[in-house]
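Input: a single structure, listed below in structure tokens.
Bear in mind these aren't lab numbers, they're just calculated from the coordinates by the rules spelled out. Only a predicted model underlies this, so the values are computations on that prediction, with no experimental measurement involved. Glycine gets a Cβ as well: all are built from the backbone with ideal geometry, and neighbour counts include every protein chain shown.
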Amino acid sequence: MFKKIMKGGHRKPSKSEANEPSNYGIGHPGRPGSGSNVVVSHASRGALVNSSPSPGAATPPPPPTGSVEPLPLFRDVPVSERQSLFLRKLQHCCFLFDFTDTIKNAREKEIKRQTLLELVDFIQSGSSKISESCQEEMIKMISVNIFRCLPPASHENTGQEPADPEEEEPYLEPSWPHLQLVYELLLRYVVSTDTDTKVAKRYIDHSFFMVHRPFIRKAINNIFYRFIYVTERHSGIGELLEILGSIINGFALPMKEEHKLFLIRVLIPLHKPKPIVVYHQQLSYCIVQFVEKDYKLADTVIRGLLKYWPVTNCAKENLFLGELEEVLEATQPVEFQRCMVPLFQQIGRCLTSSHFQLSLSG
């Protein structure tokens, strides 16, 4: 899964992309920027929050204006000094800024953005193999930036009912111009041919989700179960399904029973919730991937679609018909014969529908 996600990442960030500063929350005692807490900026409140606060520990403020100065470019220093400069640039990038105020620390934010761009270029170019200590500090810097509180949904803590998912405005992470470059740096490090896997494994641990696929799948399943059977409310169902599409694409054959149960217990019931229009494209892709991987699942999928077929929602029925068409393209004759009677009965009901678009689609 991790390799498949990495394949799509070989894009060099543009110079116009930007973001972030606060204190270096992780490190060894005595090292510059070391501390006991990771400090993150909660995007919905604009305040600094300790992700692991210790009793009596004060939250370090962001650097005052003028405290962050540009460092020399890598090409302007001798090769022997580049490792030291690399560490200094990492320390610069450990400052987290408040992005709810676009004017505050604007100069420092831009310095950090340019520094992150340099670090990405440096890792990507492979011009100098970074030391193990530099790799350790780089992973700490990445951790400080990406492990952060996420903003609550607009309806949380307000007592208000959630808005229509189709009309709700998407929330854009204010610090994304920095975060994007931090993720890009991590990607470049992971895919670089100069990266020693044994060394990398010492610092890219469970916090980065490696070799914990069963745990991740279980956590995602729980989100889906809660969405389907309890709340019908979640901001990231489509995004989770998009990730799962890549995972399903990499399933080995014969398919594990665990994966088939995921199809039956999670993906097919995801056709039930009202907000399906928000994530149907990603859901349909996942469903079709299963059928293309194992044609014997076609009967299970088609009967599942018929089970959750909408009765009074014509727009939703159109979505089902479009998905059914894609599934049938991957269905073998033997599997088709097993479900063709209930399938044609449903198509017949669509053809006699008073809704012109539905009758034409059927």
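Given R₀ = 41 Å, FRET efficiency for Y308-L172 by Cβ-Cβ distance, to 0.05?
FRET efficiency, Y308 to L172: 0.80.
Expressed in nm to one decimal, what extension gain is obtained for the pair M255 and D194 from 0.36 nm per residue of sequence separation less their Cα-Cα distance?
Details: separation 61, 0.36 × 61 = 21.96 nm, distance 3.45 nm.
Full extension of this stretch gives 18.5 nm more.
For the residues C93, C339, what sequence is obtained by ranking on other C-beta atoms within 10 Å, fewest first?
C339, C93
Where the centre of each part is set by its Cα atoms, how far does segment 233-249 sit from segment 280-311, in angstrom?
If you average the Cα positions of each part, the centres end up 15 Å apart.
Within segment 213-361, how many Lys pairs sit with Cα atoms under 12 Å apart, leaving out pairs fewer than 8 places apart on the same chain?
Step by step, the pairs that qualify in segment 213-361 add up to 6.
Sorted from fewest to most neighbouring beta carbons within 10 Å, what does the list Y229, Y295, Y189 look like?
Ranking Y229, Y295, Y189 by Cβ neighbours within 10 Å, fewest first, gives Y229, Y295, Y189.
Net charge within 13 Å of S192 by Cβ-Cβ distance, Lys/Arg positive one each and Asp/Glu negative one each, not counting S192 itself?
-2
Using 1/(1 + (r/R0)^6) with R0 = 41 angstrom and r between the beta carbons of Q281 and T100, what's the FRET efficiency to the nearest 0.05?
Details: r = 32 Å, r/R0 = 0.79.
E(calc), rounded to 0.05, equals 0.80.
Compute the label zone of R265 within segment 217-235: residues whose backbone N is under 13 Å from the point 7 Å along Cα-to-Cβ.
217-226
Sorted from fewest to most neighbouring beta carbons within 10 Å, what does the list V199, V288 look like?
Sorted ascending by nearby Cβ count, the order is V199, V288.
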